[in-house]
Structures are given as structure tokens and as C-alpha cells.
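Reading through the C-alpha cells given below for one structure.
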Amino acid sequence: MRPRKAALLTALLASLAVGASYPEAGGGPSPAHTGKDQRGVVRSGDRPIAGAEVTLLQAGDQPGVHARPLARTRSDSRGRFSLSYRAPHNPDAVLYLTADTGRAHHGDTRAGQRERPVRMVAMLGTGRRTGKVVLNERTTVAAGFAMAQFTRDGEVAGRKPGLQNAAAVSHNLADIGDGSVADMLATAPNGDQTSTLRAFNTLADILSGCTAGQTCDTLFELAGHPGAKAPRETFQAVADIARLPGNHAAELFALADGRTTYRPRLAEAPDAWTLALRYVGNGHELDGPGNVAFDAEGTAWIGNNYTFNADPSQSVCGSHILSRLTPDGRDVPGAPYSGGGLYGVGFGTAIDPRGQVWAANFGFQGTGCPLDASRLYRSVSQFTADGRPLSPPLGWRQGDIVQPQGALSDSDGNIWIANCGGRSVTRIPEGDPRRARNIAPGGDSLIKPFDVTFDTRKRAWVTGNGSDSVMLMSPHGTPLRSITGGGIKRPMGIAADSLGNVFVANGGAVVAPCEGTTPAMVAEAIKDIVTRHVDASVTMIRPDGTTPDKPFVNDGLFLPWGIAVDGNDTVWVANFGGHRLANLCGARLSACPPGLRTGDPISPADTGYTSDGLERNTAIQIDPSGNVWLANNWRNIPVQTNPGGREMVVFVGLAAPVRTPLFGPPRQL
């Protein structure tokens, strides 16, 4: 057959296939009885892709469960397709579209089946979409990053709520209605204010080389993880890049050379292929976010240091609100919340097993605020799961609370509060303030207690920023021993793993702003630190209280503050300087790239995961979708009238998901 006639026949067959769909596996109804339709188009940039095999799938509802095909067809000569299908009965079912095309991969034609190395994907999510859907490189990058922790062998599967929330987050990156950049990514405080938009477009350009049939083999080789099999199609390649973004970063960037499909794009290779989004809620609520806690549905509860004011020269007092964001960064209806004695919450925001929320009122306020903070920093506020205050107008004051910082509930509902200004811990048994008691180890064994966590035996570990120590307490609050050495220096955050270890973020030069130290003094102490401080490190404490001889050190650590452990027991560190996030190999070596030992950096050793969306970060937490949340707590140059940062920064799909609420050791979703 002549080439021209063959091409015409292919186009004719493709056009005849439009509207064809297949019943569900196992003898589902014919298309005429389904009642749901989905139409769309497959493109690379503006170029339609004809003859793509388009499949509508329902994601598996737990790891290892295969995605379920609901309908299948082919795109016509203009890239268009139409599908009819029966909607799943489960309203939480996550649906997505794939479009497979491309030439045989490595010449492999086993069993006469052609492999299709180009797979375009668009996440529909849980909503029943009726409008047109575009599948292109942008929607594929969005899906690959958001679903990175739920994608294996090109299929999507995972548990609620992480899977559903991740699908929603994908729509913050790409608009599946037209294949463009989503509004969240395209506009402030993202857009041209950070490099994330340019990185996103560059990743789409990298994929376009494979779509054109030119770079697939190289792409798959570079995207593959050390010691693991290489991906076989583009969607899995994106997910693999998202999970280990520092792997072959420069070589991947080179694949975009000469490609001009998506703009604007990066001018030079990044240190890693991360996508970090800034979330601001309603745009006028976050000011000095201190910490974040996730409830069972993955919504984010955030305490704020200061009353919102966009002008740093305007003096502000302590915040009276508690923010609550949806997993994709919008305000939950009815939020933010107020009342219950909220005032200048710091590092202490926690959720108990009943879903109730606790916020420790440190009394942060800018210079020039006329209020007497010493009358306001002696309480904790309590809220119901829907944001109604349970504490009185001045908060719960039992238990001798003084300048509280870290707060956490254990799995039995006991609330523990680190009294940074009181050399003590307040324990509220089963969340009953009438039974609150103050635990003071005495002497110099616990000075400036800052954060608390619980190990697998429900023992409490409390950092002493002023005593260069960590205090170990029994589940009932009896002081057991003070741990020093192992590089513990100005410890700030602390987090437990599922193996019984705890990890300590050593701030080095960071002096907690309590017990006579003011935030202005902290600003003065760190203003001239422009390179990694020698004492910036992480210390591991084993279950028996011993530590390695030396702490873990790399240039991803720069004034470490917050610390978290993900569902694979790898360690994540937020930095108060350096605009970087560090990821370290934990005690579970099987979760780390081959050859790494505990404490070795998984993120680039020279930089960490950097982002120009970061400022001075305090908290870091992992949500049920594997997104890493950091609090932009202070501006880079913190004017003390109002030094607060005004965003949460979320690295999409970067970590192993965690079941929430968190009560100490991480639990896999």
C-alpha cells in the first residue's frame, strides 16, 4: 500500500473510532445504558494527536489494587474523543484519563503488542466532569507530581483521603479544561513571583521531546531511580522524577534544549525538579504562620503569630485567628476561626484523637503593640473539629503555662505543652484542663523547652533549646533522663520515627525567643549568618537514649528549626535560613536510595531542595497525600514591627504520605 493511502486509511479508522467505548470488565452494560459522557482532546502543545488510545479509569482504592477501566476509545484526526461510561457508585472514587501513543519502545513487540511510551494523563478527581478535557504534557506533569506517591507501573491507587486530596492538588498546577497553567500556579503569590511556574513548563517541554519521538529512551533512563527498573512511559517517568527530584537534574534539563512548546521556562537547570506552591487562604489571614496540624481529612490547621497586615512597617499585635485550609490551599467554609483566648500562637498547634484542635498562645506581637504580652502568653485555646471555641475568652490557664511553644496530643488524648518561658511541661490528661499539671524537672536540665514528640512506647521527648538537651519523660510525665551530647546544640523541633528513634533539629545559632530573649534579639543574632552555621545539624537519639558520636551535617541544613518524619521513615528538615528544605535518610535504610546510610542527605548535599518561594521557615509537616508543608514564618529581612511571613509553602508529592492526625510516630496511610 502506498504511504499516502495508508495515512488516509489510518485517519479514517481513527475518526470512525470516536465515540466507541467499552463496557466495564466483568460484563458491564453497553454504552447506550451508561448515562455519563466525557469528551476531550489529546494534544502536544497546539498539535492534535490522532489515534491515541484513550482510557477512562477508576483509581484503585488502596495500594496494589489495579485501576479499573471504565471506557476506552481512540482520538480522531483532530485529537478529539468521546466516551460513555457508568459512573461508580462510590462518590469518593477518583477517575482519570490516559492517552497512550508512540512508537515501539526499544523495539519490544512481545506477544505482538506495541508498547506506547507516551502516556498523557489528566486527573478528573471525584467530581463528575461534564465539560471538555484536554490531555497534554502540562496535565501529565500535574498528574505525575500530585499523584507521585500513588503511582506505580503507570497506574494510580491509594487510600482515602490522600488519593482524593492529591487529585484536587493536581488542578492547582494544570487546568484540565484547556490544558493551560492553572490559576493557582499562574497568579500571585505564585506566578512570576517564584520559579515554580517556569519549572513546571520546562518539565512539560522535556516531555514534549518524547511525544515527538526523539528523547524517550534518554528520558526513561534519567528518570529511573538507582537500583530500580526504569519507567516505560512518560506518566510514570514524571512520578519517578517527583519522588527523587535531585536525580540527574541537569541532564533532564538538557532534554528541553531547543524545545519551545511551553513558556515561560527555566533559563538554567535547577538543583532539583521540585514544584513548590504558595498557599495564602483568603489572602489576608496568614501572618507569621508558626505550625500546621492536619486532621483526619487532611485539612490544615494553622496558628499565626501576628494580626495580618501587608505593611511590615505597621506595628501589629498578636493574631486572634486560627486558619484552616483545604488540602489544595483554600479556606475551609467558615474559616478562619476566632475566640477561645487565641493570641499570638507560636509553634504549638495540635489535634487530638477526637478531632479537637489545641493552639498554644505564645503571645507573639510586633514592636509597638500597646498590649502587655505577659498577661496573654499563659494559656492554650481549644476548638471543636468544626472551629467552635471550647476554651473561655482568656483560654485555658491551668497548669502554669508560660510562653508555650510546641504542643502535641498523644494517642490517648493527653495534651502536652512545652513552656518555653517556664522550664517546664504542662500535661492535660485526656484534654481535661481541670486536671492539668505542671512538670518541672528542676535545675538546669530543661531550659527553654521548645518542642515535644512521642515515641512508639508513648514516652515524651522534649527539646531544651537553652540547655542543649532533650528531656525524656514517661507516658505519665515522670522525668526519666536528660540527653546531651551527640551534637545537640540549641535544639528546636523534634520528631519520632516508627522504629522508636527520635530526630532533633539543632538550630545552632537559633536562640528560642522566650525567658528574656525577644524576637528582636533573635533577628540580631542571625542577621549576619549568610552561610550554613557550623552547629546546624540533626541528631538521632536511639530508643535507649544514646546517640551517634557525631550529628548529621550537610549544606541542606541552614538554621534548622522544624523536623518531620514521613511514612517511609525518612527525615525532613525546615530551615530558618537558606531558603531550603533537607531530606535525610532515616533508620529504615530500605526506603533510601542504594548506598545511603542513616543521616546521609537524599536531597542534594550542597543545597537541599531550594525554592525562591521559601522565606524563613519554622514548621514542616507531611500531609496524607505526601505533600510537604512549610511555614513561611518570618520575612527574609524581618522588620520587628511586623516580621511575619504570609504563606504556607507546599512541595507537591515529595514525601511518603502520613496518616493524620499525627500523635508522634508516623503511620503509613
What FRET efficiency comes out for the pair residue 612/residue 534, r = Cβ-Cβ distance, R0 = 25 Å, nearest 0.05?
0.45
For a quick protection proxy, order the peptides 282-293, 64-75 by their average other-Cβ count within 10 Å, most packed first.
282-293, 64-75
Return P(r) of region 578-625 (all Cα-Cα pairs; 10 Å bins starting at 0; whole %; ordered from short to long distances).
24, 44, 29, 2
Difference of contour (0.36 nm per residue) and Cα-Cα distance, residue 310 to residue 600:
100.4 nm
Reachable lysines, given that their alpha-carbon falls under 21 Å from the alpha-carbon of residue 448 and they are not under 8 places away in the same chain
489
Between residue 180 and residue 590, what is the label-point separation in nm under the 7 Å Cα-to-beta-carbon projection?
4.8
Expressed as a whole-number percentage, the relative contact order of region 490-600 with C-alpha contacts under 8 angstrom and at least six residues apart is 23
Here the FRET efficiency for residue 152 versus residue 372, based on Cβ atoms and R0 = 56 Å and rounded to 0.05, is 0.50
If you project the alpha carbons of region 236-343 onto the principal axes, what extent comes out on each, in Å, largest first?
56, 38, 22
I'd like the orientation of helix 3-17 relative to the chain: the angle between its Cα long axis and the longest Cα principal axis, in ° from 0 to 90, rounded to 10.
60
Rounded if a/c is under 1.5, else prolate if a/b is larger than b/c, else oblate: which is region 389-526, with a ≥ b ≥ c the root eigenvalues of its Cα gyration tensor?
oblate
Protection proxy (average C-beta count within 10 Å per residue), highest first, orders 137-149, 636-648, 395-407 as 137-149, 395-407, 636-648
Find out how many positive minus negative residues lie around residue 254, taking Lys and Arg as positive, Asp and Glu as negative, among other residues whose Cβ is under 12 Å from that of residue 254.
-3
In degrees, nearest 10, range 0 to 90: what is the angle between the Cα axis of helix 196-211 and the longest Cα principal axis of the chain?
30
Debye log10 I(q)/I(0) at q = 0.10, 0.12 Å⁻¹ for region 514-669, Cα point scatterers:
-0.37, -0.53
Counting only DSSP beta bridges fully inside the chain, the antiparallel percentage to nearest 5 is 95
For the chain, accessible area per residue (1.4 Å probe, heavy atoms of protein chains only), Å²
36
Between 0 and 90 degrees, rounded to the nearest ten: what's the tilt of helix 137-146 against the longest Cα principal axis of the chain?
40
So what's the back-of-envelope 222 nm ellipticity for the chain, counting only DSSP H runs of four-plus at -39500 (n - 2.57) apiece and dividing by all residues, rounded to 500?
-3500 deg cm²/dmol
So if I average 1/r over every pair of distinct C-alpha atoms in the chain and take the inverse, what Kirkwood radius in Å does that give?
25.6
Let me know the volume per residue of the alpha-carbon convex hull for region 144-282, in Å³.
116
Note: residue 457 to residue 385 extended length (0.36 nm per residue) minus current alpha-carbon separation gives 23.2 nm
I need the calculated FRET efficiency for the pair residue 635 and residue 430, taking r as the beta carbon distance and R₀ as 35 Å, to the nearest 0.05.
0.30
Would you kindly state how much longer the chain becomes between residue 260 and residue 87 on full extension, computed as 0.36 nm times their sequence separation minus their alpha carbon distance, in nm to one decimal?
58.4 nm
Over the alpha-carbon set of region 527-617, divide Rg by the Kirkwood Rh and report the Rg/Rh ratio to two decimals.
0.97
What percent does the relative contact order of the chain come to when contacts are Cα pairs within less than 8 Å and at least six residues apart?
10
Taking N as its residue count, the alpha carbon Rg of region 326-381 over 2.2 N^0.38 Å
1.32
Take the solvent-accessible surface of the protein heavy atoms, probe 1.4 Å, and return the percent of it on the chain that carbon and sulfur atoms account for.
50
Compactness relative to 2.2 N^0.38 Å, alpha carbon Rg of region 475-548:
1.29
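The values are calculated or read from the model by the stated rules, or taken from the named source; none is laboratory data. The model shown is predicted, which means the values in this text are computed figures rather than measured ones. In this analysis, Cβ positions are derived from the backbone assuming ideal geometry, glycine residues included, and neighbour counts consider all displayed protein chains. For the accessible areas, the whole protein counts, side chains as well, though only heavy atoms, and no ligand, DNA or RNA atoms are used. Shrake-Rupley method; radii C 1.70, N 1.55, O 1.52, S 1.80 Å.
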